[in-house]
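Here's the structure we're looking at; comments come further down.
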Amino acid sequence: MSWVYLGIAVVFEVAVGLFASKAKGFTHAGWTVATLAGGAIATFFLSLALLTFDVGAGYAIWTSVAGVGIVIVGALFLGQRLDWKKSLGILIVIGGVVGLQLSGAA
Amino acid sequence: MTTTTTATTTTDSKTRSWLVLLLAGVFEVGYALSVGGSEGFTVLGWSVSAVVFFLLTLYALSVALKRIDVGIGYAVWAGIGAVGAALLGPVFFDESLTPARGLWLAVIIGGLVWLKLADSVKVGSRKAAAGAGAEPAVGAATTSSPR
């Protein structure tokens, strides 16, 4: 069940990225509400998943899958194609976050 | 070139967007630490702090994403959040910063700097970038903007 919770948390985290872009600095009410609701739901399901998951591993999976998912969503729905330099930078940062989370709970 | 003025304006607002994005990352750190301190939202002070930082971080992220691609914005936001939480965790809670974690922090920070540079290359200097490599081209593209 915790994998399902983690999956839901990922989907909503990706949605937050998309919604926050659409909200344009919270000037669009509907997308602003969607951003806040999405953020709250993502956090809620992440915390449910982390009850049974190892916190570091769960968080690492969550951020990395969401980070890649957001790049894909950005390309599909916002027309934001990234060149290899930007893609590499994103991979380095997300890889670093994964490494940090897996190198033992702080 | 004829596009100098436009390019400078774009660079300035882009720089501002990056500053707002950094701020969003700082708020994210505050959110992460507050959620940790709230112990499942049972401690009132930390819980209120978590809600406030939650609103601030998403607002700043949304402002920054007006000009920064969402894939980059999210990675930077999450990256700063992770770095800040790892650095400040030992200050507020019973945590420690091991050498291995320090190394990963350096990787993240290196990636963040790389992303900032990659995102600053202007369209007009793409050819120069291809010919001379990333570093000089980025410098040439942003000579007019303080960084």
**Asked** Quick one: would you say B:Ala118 is at the interface with chain A (Cβ under 9 Å from one of its Cβ atoms), at pLDDT below 90 and open to solvent by less than 60 Å² (accessible area, probe 1.4 Å)?
**Response** no
**Message:** Among the residues of the stretch B:53-65, are any at the interface with another protein chain (Cβ under 9 Å from one of its Cβ atoms), at pLDDT below 90 and in a helix (DSSP H, G or I)?
**Reply:** no
**Message:** For the stretch B:7-51, give me each residue that is without any contact (Cβ under 8 Å) to a residue 12 or more places away in the chain, assigned to a helix (DSSP H, G or I), more than 24 Å from B:Ile72 (Cα to Cα) and hydrophobic (A, V, I, L, M, F, W, C).
**Reply:** B:Leu44, B:Val48, B:Val51
**Request:** Could you tell me which of the residues B:Ala75, B:Ala86 is more than 11 Å from the chain's Cα centre (by Cα) and under 22 Å from A:Ala60 (Cβ atoms)?
**Result:** B:Ala86
**Request:** Within the stretch A:64-91, work out how many residues are closer than 23 Å to B:Ala106 by Cβ, facing chain B (nearest Cβ under 7 Å), more than 16 Å from the chain's Cα centre (by Cα) and of a type outside the set (Gly, Ala, Ser).
**Result:** 2
**Fill in**
Within the stretch A:1-27, the residues that are more than 9 Å from chain B (Cβ to nearest Cβ) and not aliphatic (A, V, I, L, M) are A:Ser2, A:Trp3, A:Tyr5, A:Gly7, A:Phe12
**Request:** Kindly indicate which of B:Val107, B:Val83, B:Val113 is more than 7 Å from chain A (Cβ to nearest Cβ), part of a helix (DSSP H, G or I), of a type outside the set (Lys, Arg) and open to solvent by 40 Å² or more (accessible area, probe 1.4 Å).
**Result:** B:Val113
**Asked** When the stretch B:35-63 is examined, which residues are found to be buried (at least 23 other Cβ atoms within 10 Å of the Cβ) and closer than 15 Å to A:Trp31 by Cβ?
**Response** B:Leu58, B:Leu61, B:Ser62
**Request:** Those residues that are polar (S, T, N, Q) and modelled with pLDDT under 95, I need them from the stretch B:33-52; list them, please.
**Result:** B:Ser34, B:Ser38, B:Thr42, B:Ser47
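The values are calculated or read from the model by the stated rules, or taken from the named source; none is laboratory data. The shown structure was predicted, so the numbers you read here are calculated from the model rather than taken from an experiment. Here Cβ is always computed from backbone atoms with ideal geometry, including for glycine, and neighbour counts include all displayed protein chains. With ligands, DNA and RNA removed, areas are computed over all heavy atoms of the protein, side chains included. Shrake-Rupley method; radii C 1.70, N 1.55, O 1.52, S 1.80 Å.
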